Amino acid sequence: MAEHTNISTEARQNWMGLLARAPEGDLMALWARYGAKPGFEWLRRPEVGGVMVRGRTGGTGAPFNLGEMTVTRCSLVLEDGTVGHSYVQGRSKSKAGAAAMIDALMQTSAAEAVREQVIVPLKEQMQTEKTDRAAKAAATKVEFFTMVRGED
């Protein structure tokens, strides 16, 4: 059995959330460049389903059902016994499989290599895209002002 690293729940939530939100093309390109991938067995093959997305008015109000979203989930176990899971947006079974494999590897001694080759570049790409969208939106911002009439 391979050496497992001690990871916090918050750290795992962060990388799993990043993988779930990542654009499929970006994730799959980085994953394709990653080195040798270990053998594994499916615990749950990728399957497509739906989840109810809930919201809150103003972020703090009473919860309400916002709508449904399509997700793909799967679970796998590496040859060393490490289990990886994934839930990703959309219908991509290959993205779900890659995300589950990355989740499993991030729990092993391969975590640093996966972080350097997949997680960090993916996070940087997504941050760049977010910044670009914000800049594009800011360029269309219109400022209004009111002139006061009749006063000195």
Taking 71-83, 49-61 and ranking on average Cβ neighbours within 10 Å, highest first, one gets 71-83, 49-61
For the chain the mean separation of alpha carbon contacts under 8 Å (6+ apart) over residue count, i.e. relative contact order in percent, is 24
The aspartates and glutamates whose Cα lies under 18 Å from the Cα of residue 93, excluding any fewer than 8 residues away in the same chain, are 24, 26, 41, 47, 103
Theoretical gain in end-to-end length, residue 64 to residue 51 [0.36 nm per residue, Cα-Cα removed]: 3.3 nm
For a quick check, take a GNM of the chain with Cα springs below 10 Å and name the residue from 66, 122, 18 with the largest mean-square fluctuation. 66
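Can you give the translational diffusion coefficient of region 1-147 in µm²/s, computed by Stokes-Einstein from the Kirkwood radius over Cα pairs at 10 °C and 1.306 mPa s? It would help to have the intermediate numbers written out before the result.
Numbers: Rh = 17.2 Å.
After rounding, the answer is 92 µm²/s.
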At q = 0.23 Å⁻¹, the log10 of I(q)/I(0) for region 74-122 from a Debye sum over equal Cα scatterers comes to -0.81
Which order, highest average first, do 92-99, 37-44, 133-140 follow once you tally other Cβ atoms within 10 Å for each residue and take the mean per peptide? 92-99, 37-44, 133-140
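Quick note: the coordinates plus some simple rules give every number you see, no bench work behind them. What you are looking at is a predicted structure, and each value in this text was computed from that prediction instead of being measured. Every residue, glycine as well, gets a Cβ built from its backbone with ideal geometry; the counts of neighbours run over all protein chains shown.
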